[in-house]
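Taking it in order: structure first as C-alpha cells, then the write-up.
The values are calculated or read from the model by the stated rules, or taken from the named source; none is laboratory data. Fair warning: this is a prediction, and the values are worked out from it, not measured in the lab. Using ideal geometry, Cβ is built from the backbone for each residue, glycine included, and neighbour counts are taken over all protein chains shown. Accessible surface areas use protein heavy atoms only, side chains included; no ligands, DNA or RNA. Shrake-Rupley method; radii C 1.70, N 1.55, O 1.52, S 1.80 Å.
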Amino acid sequence: MFIGEHTFKVDGKGRVSIPADFRRELEEGDPTASQTGRARMVIVYGADTQKQLIVHTYDGYRQLAADIAALPRGSERRKVMERMILKRARPTEVDADGRLVLPQLLRDKIGLDGTAYFAGLGETFEIWKPDVHEARETAITDKFIAQHGEDFDPLSLLDDEGV
C-alpha cells in the first residue's frame with residue numbers, strides 16, 4: 001500500500017526519484033519486475049481540470065481496466081471512464097536509478113517545475129506541484145471542518161453512521 005508523503009526535486013529532463021517504499025509497492029504490483037529489475041506502472045493524467053497525476057501499479061491498472069470493460073458497452077459511465085482513465089494514461093517504468101521520467105506533456109499538465117510532491121493514497125499515489133497540493137488540501141480540510149467541527153474523528157467515517 002502506498003502511504004505517506006514525500007517531496008523530491010525534478011531535474012531538467014523530468015527525472016524524479018520515487019520514494020523507496022513506493023518503489024517496493026510498484027515492484028510487488030508488476031509480475032515481471034523480478035526478472036527485468038524495472039517495475040512498470042501506469043500514470044493517469046485525466047481531465048484537463050485534474051491538477052495531479054495518479055500513479056497505479058501495473059497490476060492495479062490492469063484490474064481497473066478490466067472493471068471498466070465489465071461495464072455495459074455503450075453506457076455513459078463506461079464511455080466517461082474509457083476517456084478519462086484509459087485514453088489519458090501513460091505506461092512507464094522505474095529507471096535503473098529508481099527514478100521516474102515524467103515527459104514534458106505531463107509536467108506541463110500539472111505545472112511541475114523543480115519539485116514534486118508525492119501523496120500515498122493506499123492503492124495509488126499522486127504526484128502534485130507542492131503549492132497546488134497544499135492549496136487543495138487546505139480547501140478540502142477547511143470545508144470538512146466547517147461541516148463536522150474541529151474535533152471530528154476521521155476514524156468515525158469507518159462506522160455506518162460516520163457522516
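Side notes on the structure shown:
- Scanning region 16-46 for residues that are acidic (Asp, Glu) and open to solvent by less than 60 Å² (accessible area, probe 1.4 Å) returns Glu25, Asp30.
- Residue tally, condition open to solvent by 90 Å² or more (accessible area, probe 1.4 Å) and more than 13 Å from the chain's Cα centre (by Cα), over region 116-141: 3
- Filter pass, Asp113 being over 17 Å from Thr49 (Cβ atoms), open to solvent by 50 Å² or more (accessible area, probe 1.4 Å) and without any contact (Cβ under 8 Å) to a residue 40 or more places away in the chain: no
- Where Thr49 falls short, out of the listed (1) without any contact (Cβ under 8 Å) to a residue 24 or more places away in the chain; (2) among the β-branched types (Val, Ile, Thr); (3) surrounded by 13 or more Cβ atoms within 10 Å (Cβ to Cβ): (3)
- Among the residues of region 50-62, those identified as over 16 Å from Thr32 (Cβ atoms) and out of contact with any strand residue (DSSP E or B) (no Cβ under 6 Å at 6 or more places or on another chain) are Gln50, Lys51.
- Restricting region 94-110 to residues that are open to solvent by 80 Å² or more (accessible area, probe 1.4 Å) and acidic (Asp, Glu), the residue that is nearest to His133 (Cα to Cα): Asp108
- If you go through region 59-83 and pick out every residue that is open to solvent by 70 Å² or more (accessible area, probe 1.4 Å), more than 23 Å from Asp30 (Cβ to Cβ) and either of a type in the set (Asp, Glu) or part of a loop (DSSP other than H, G, I, E, B) (or both), you end up with 3.
- Residues of region 113-162 that are among the hydrophobic types (A, V, I, L, M, F, W, C) and in contact with a Ser or Thr (Cβ under 8 Å, 6 or more places away or on another chain): Ala116, Phe118.
- The single condition from (1) closer than 17 Å to His6 by Cβ; (2) of a type outside the set (S, T, N, Q); (3) touching a residue at least 12 places away in the same chain (Cβ under 8 Å) that Arg107 fails is (1).
- Scanning region 1-15 for residues that are surrounded by fewer than 20 Cβ atoms within 10 Å (Cβ to Cβ) and either within 16 Å of the chain's Cα centre (by Cα) or without any contact (Cβ under 8 Å) to a residue 24 or more places away in the chain (or both) turns up Met1, Ile3, Gly4, Glu5, His6, Thr7, Phe8, Asp11, Gly12.
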